[in-house]
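Beneath this line is the structure, given in structure tokens, with notes to follow.
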Amino acid sequence: MKNFQGKVAVITGGASGLGREFCRVGARLGMKVVLADVQQDALDQAQTELEAQGADVLAKHCDVRNAEQMQALADAVMGRFGAVHLVFNNAGVGCGGLLWEHSIADWEWILGVNLWGVIHGVRVFTPLMLESAKKDNNYEGHIVNTASIAGLINAPTMGIYNVSKHAVVSLSETLHHDLQLIGAPVGTSVLCPYFVPTGINRSQRNRPDDVQNKSSPTASQLAADAVIDKAVSSGKITAAEVAEDTFDAIRQARFYIYSHPQLLSNVQTRMEDVVLSRNPTDPLQSTPLVREMLLSKLKMS
């Protein structure tokens, strides 16, 4: 997909972080922007900002975990614009801690947003894109699913997040192959960022009532969240930079998008572990400061 002017972009998690930057780039390129989010005040603010720049904007409150709300989002997009060309399945949340200490509510929340949000986005919007392609011989479309470097390696105390993002990588690769199989004019990318200041470390602010925990966080959860908060907040590569690179990847039909390509050595080590039947290598051995900080927090708890 190379031409963005006048095309329709749908962005979940569009009111903050990477999603908001995707909206800004899309609007600057002349796209009609649809942003969906669960945080109403941030949604209103983003809509006001984009409209002030002259963008044609549709803002919808939407919980991506919910199939009916995602369908309502798609219906609103088609009712307003009649087509969709670019979809960012981007909404994401996270929390840390030892794997066995997570509650059912933790699993339902994180998998609901990070995985089911992408599933619903692909399930609902891909058929609409294929229908649009049948009506327009010049149609170009693209789907970007936000995963994480955690979808390619498995750091300790990030279990649910790792599981959700590995699933998104698998889903995205399969989607790429399926679309290629039928010769569809719809490209696919999977975005795998590392620690980028996006606000994901403050995910709890938008945690719905139905998946709230009734008990206090464990020592490992407090330790992991403190490390994640520091790592995300101190990230040097900005969400705006990642958004620009993502649009470049769309132009180039590039599937894998990395914010920190230097971490691919960890991915290679993991793949070699698999091929050579080695026990898994500690992914934190290349970032000893993170490991030391995590251990020190656990000892203090």
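The values are calculated or read from the model by the stated rules, or taken from the named source; none is laboratory data. Note that this is a predicted model, so its numbers are computed, not measured. FYI the Cβ positions are ideal-geometry reconstructions off the backbone, even for glycines, and counts take in every protein chain you see.
Could you list all residues from the range 215-235 that are without any contact (Cβ under 8 Å) to a residue 60 or more places away in the chain and either touching a helix residue (DSSP H, G or I) at 6+ places or on another chain (Cβ under 8 Å) or within 19 Å of T146 (Cα to Cα) (or both)?
Across the range 215-235, the qualifying residues are D229, A231, V232, S233, G235.
Return the residues of the range 225-244 that are in a helix (DSSP H, G or I) and modelled with pLDDT under 90; say none if nothing qualifies.
D225, A226, V227, I228, D229, K230, A231, V232, S233
If you go through the range 241-256 one residue at a time, how many are among the hydroxyl-bearing types (S, T, Y) and in contact with a Pro (Cβ under 9 Å, 6 or more places away or on another chain)?
Qualifying residue count, the range 241-256: 0.
Before we move on, is E51 closer than 27 Å to V163 by Cβ and among the acidic types (D, E)?
no
Can you list the strands (runs of 3 or more DSSP E) found entirely within the range 1-116 that contain at least 1 residues being touching a Cys at 6+ places or on another chain (Cβ under 7 Å) and crowded, with 17+ Cβ neighbours inside 10 Å?
In the range 1-116, the matching strands (runs of 3 or more DSSP E) lie at 8-12, 32-37.
Mind checking which pairs have a first residue in the range 8-24 that is without any contact (Cβ under 8 Å) to a residue 24 or more places away in the chain and within 17 Å of G121 (Cβ to Cβ) and a second that is among the hydrophobic types (A, V, I, L, M, F, W, C) and not in a helix (DSSP H, G or I), Cβ under 8 Å, 6 or more apart or different chains?
Matching pairs, first to second residue: none at all.
Tally up the residues in the range 269-291 that are farther than 16 Å from M158 by Cα and either of a type outside the set (S, T, N, Q) or not in a loop (DSSP other than H, G, I, E, B) (or both), please.
Looking only at that region, the number is 11.
Scan the range 178-193 for residues that are surrounded by fewer than 21 Cβ atoms within 10 Å (Cβ to Cβ) and either part of a helix (DSSP H, G or I) or on the phi < 0 side of the Ramachandran plot (or both) and jot them down.
D178, L179, Q180, L181, I182, A184, P185
Those residues that are surrounded by 14 or more Cβ atoms within 10 Å (Cβ to Cβ), in a loop (DSSP other than H, G, I, E, B) and small (G, A, S), I need them from the range 249-268; list them, please.
Residue satisfying the conditions is S259 alone.
Identify all residues within the range 202-218 that are assigned to a helix (DSSP H, G or I) and either under 29 Å from T174 (Cα atoms) or modelled with pLDDT of 90 or more (or both); write none if there are none.
S203, D209, D210, V211
Give the residues of the range 218-248 that are over 13 Å from Y194 (Cβ atoms), in contact with an Asp or Glu (Cβ under 7 Å, 6 or more places away or on another chain), buried (at least 16 other Cβ atoms within 10 Å of the Cβ) and not hydroxyl-bearing (S, T, Y), sorted by residue number.
Of everything in the range 218-248, those that are over 13 Å from Y194 (Cβ atoms), in contact with an Asp or Glu (Cβ under 7 Å, 6 or more places away or on another chain), buried (at least 16 other Cβ atoms within 10 Å of the Cβ) and not hydroxyl-bearing (S, T, Y) turn out to be Q221, A243.
How do the pairs read when you match residues in the range 42-65 that are under 27 Å from I119 (Cβ atoms) with residues anywhere that are charged (D, E, K, R), using Cβ under 6 Å and keeping only pairs 6 or more apart or on different chains?
Every condition considered, the pairs that remain are L43/D37; A46/R20; V57/E51; L58/R80.
Which of the following residues is closer than 14 Å to Y194 by Cα and either over 22 Å from the mean Cα position of the chain (by Cα) or not polar (S, T, N, Q) (or both): L276, L284?
Only one candidate qualifies: L284.
Tell me which of these H166 doesn't satisfy, since it passes every other one: (1) free of Cβ contacts under 8 Å to residues at least 24 places away in the same chain; (2) under 16 Å from the mean Cα position of the chain (by Cα); (3) farther than 21 Å from S286 by Cα.
(3)
Given the structure, is V163 of a type outside the set (S, T, Y), surrounded by 17 or more Cβ atoms within 10 Å (Cβ to Cβ) and within 17 Å of S259 (Cα to Cα)?
Here the answer is no, as V163 does not meet what is asked.
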